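The values are calculated or read from the model by the stated rules, or taken from the named source; none is laboratory data. Just so it is clear, the model here is predicted, and its values are computed rather than measured. Quick reminder, even Gly has a Cβ in these numbers, built from the backbone with ideal geometry, and neighbours come from all protein chains shown.
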């Protein structure tokens, strides 16, 4: 009977670890981890994924990541061996099947260990994309946060048009010691303004972005233009310097790309902090993405205070 019970326990453990839950198997708690596009950091290297047809989804081997898939296949093999072992021990007795049980237990234990190691490997890759470090290329408009969170919304009654907002920002930035470093214009409603303020061991960057509609392709463009500016600002300076980057996106109407940035808890990087803010002109409502708890939360609050100082609005949250 002991061999039968052992086989049942091993089968249950293998099924739970390798086949539940079916969706979001790595428990990263982000919808991005299930997407097959660049919003998913794991998908940057496509060889990590199996080539799977939609008609095959929902079968026993649900994993899309290759290593995860191999773990599921090996789990099925071990489960079959456990079933055979359980039947054998039931008829032949535990004395004759004792050594086989030990081998199966060790095999299942090693499999579970490898599966958990594989999950940790993928989770590390996924989360490291959010935690920008000075030695990595920073893409502040991408991978802002790994959990969905509705932004703080502040009804704005001061500004009716973007020209009024931009004029006020220009006046406030100069008053607070910011310098205009760059202004780019691609069309009447595709413009960006970079303001920079250098302090001891810290560079503050405020970027105003004017778009009629934020497309997914615009995120790449925004990252590229920011990287160009950052190279100019950091030229001859230490990479370890702290950077506080606030960007304010003003659009005529909302879009999936706009909500993708705003509706998340922002994960701050190592000495790389960001505050995403936006405004849909039709709604005249300022949206501010929330910061994740822990590292960077205190600096995020200070960035919020400065953001509202620039706009001349009292922050109702603090």
Just the residues that are buried (at least 22 other Cβ atoms within 10 Å of the Cβ), closer than 19 Å to residue 191 by Cα and touching a residue at least 60 places away in the same chain (Cβ under 8 Å), please, taken from segment 251-274.
261
Considering residues that are closer than 20 Å to residue 140 by Cα and modelled with pLDDT of 85 or more, the number found within segment 280-294 is 6
Applying the selection to segment 198-232, what residues are within 20 Å of residue 271 (Cα to Cα) and buried (at least 17 other Cβ atoms within 10 Å of the Cβ)?
203, 204, 205, 206, 207, 226, 229, 230
Being in the same structural domain as residue 10 (by TED's automatic domain parsing) and more than 43 Å from the chain's Cα centre (by Cα) is true for just one of 75, 63, 92. Which residue is that?
92
Would it be correct to say that residue 300 is in the same structural domain as residue 175 (by TED's automatic domain parsing), surrounded by 15 or more Cβ atoms within 10 Å (Cβ to Cβ), in a helix (DSSP H, G or I) and modelled with pLDDT under 90?
no
Given (1) out of contact with any helix residue (DSSP H, G or I) (no Cβ under 7 Å at 6 or more places or on another chain); (2) not assigned by TED's automatic domain parsing to the domain that holds residue 302, residue 143 misses just (1)
If you go through segment 129-144 one residue at a time, do you hit one that is loosely packed, with under 14 Cβ neighbours inside 10 Å, touching a residue at least 24 places away in the same chain (Cβ under 8 Å) and in a strand (DSSP E or B)?
no
